[in-house]
Amino acid sequence: MKTFKSLCSVSLVAAAFVTITSLPQANAGPSGDMTYESFLDSCKNPAAYGAQRPPENIRVSCKNVHSTWVPIEAGGTALSETRNLSTELFSDKYHVVLQSFEVETPEFNIACPRYREVIETSQIDKSLTCEQVLAETRGLKEICLDAIDEAILANKDLVEVVATGKTFSGCSGVVQKP
C-alpha cells in the first residue's frame, strides 16, 4: 500500500510539474520576463499565464539618448581675393602689347559656423492599465517616443545635456575630437 501511495504522490507531483511548465508564464523566465506580445496576451487571458487577474501597476520606462550638434560662438577666417588687370593699347600708328598686372586687394573676412556635439538624455516612467495597453495600436517604441516627446515639450528641464568634447567648424569641414 505504501508503494501505491508513493507512486500516486510522485505521479501527482509530476502532473503538477508538467501542468505548470506548460503554462505560457513558464516561458517568461524567472523574473517574469516576456515579449510585449505575450504581455498583451496576459492582459487578455490571465488564466493562460497561471493568474486569476490581469497584471496591475503597469509602468513603461522610456529612456531617450540623443546625440546632436548645437551652435557655439562662430569662428572666422579670411579668404584671399585676387584681382588681375590686363591692358593693351591700340592706335592707327602704334600698338602697346598686352600687359598683365596683379592688383592688391584686402582679404575678405567671413564668419564660420561652429558646433559642438552634445548628448541629450531624458527618462520618464508612464503608468498604464491593461485596458490602456490593449487599446493601444502602437508598439512600445512608438508609445515611448510619443510620451517622451510630449514630456520634453512640457518640461525642457527633463533633458540632461552633456558635451562630448567634439567640435565642428564650417570653414574647415573637419570634426575635431577632444
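The values are calculated or read from the model by the stated rules, or taken from the named source; none is laboratory data. Since the structure is predicted, the reported quantities are computational estimates derived from the model, not experimental observations. Reconstructed Cβ throughout: ideal geometry from the backbone, glycine too, with neighbour counts over all protein chains shown.
To keep it simple, each residue is scored yes or no on (1) closer than 30 Å to PHE168 by Cβ; (2) modelled with pLDDT under 95.
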{"residue": "MET34", "(1), (2)": "no, yes"}
{"residue": "LYS63", "(1), (2)": "yes, no"}
{"residue": "LEU79", "(1), (2)": "yes, yes"}
{"residue": "VAL96", "(1), (2)": "no, yes"}
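I'd like the full set of residues that are without any contact (Cβ under 8 Å) to a residue 24 or more places away in the chain and small (Gly, Ala, Ser), limited to the stretch 44-89.
Within the stretch 44-89, ALA47, SER86 qualify.
Is it true that THR105 is assigned to a loop (DSSP other than H, G, I, E, B) and under 23 Å from the mean Cα position of the chain (by Cα)?
For THR105, the condition - assigned to a loop (DSSP other than H, G, I, E, B) and under 23 Å from the mean Cα position of the chain (by Cα) - is not met.
Within the stretch 130-153, restricting attention to residues that are of a type in the set (Gly, Ala, Ser) and either over 19 Å from the mean Cα position of the chain (by Cα) or not in a helix (DSSP H, G or I) (or both), which residue is nearest to TYR115 (Cα to Cα)?
GLY139
Inspect all residues belonging to the stretch 59-72 and state whether any of them is assigned by TED's automatic domain parsing to the domain that holds PHE168, assigned to a loop (DSSP other than H, G, I, E, B), β-branched (Val, Ile, Thr) and surrounded by 13 or more Cβ atoms within 10 Å (Cβ to Cβ).
No, the stretch 59-72 contains no residue that is assigned by TED's automatic domain parsing to the domain that holds PHE168, assigned to a loop (DSSP other than H, G, I, E, B), β-branched (Val, Ile, Thr) and surrounded by 13 or more Cβ atoms within 10 Å (Cβ to Cβ).
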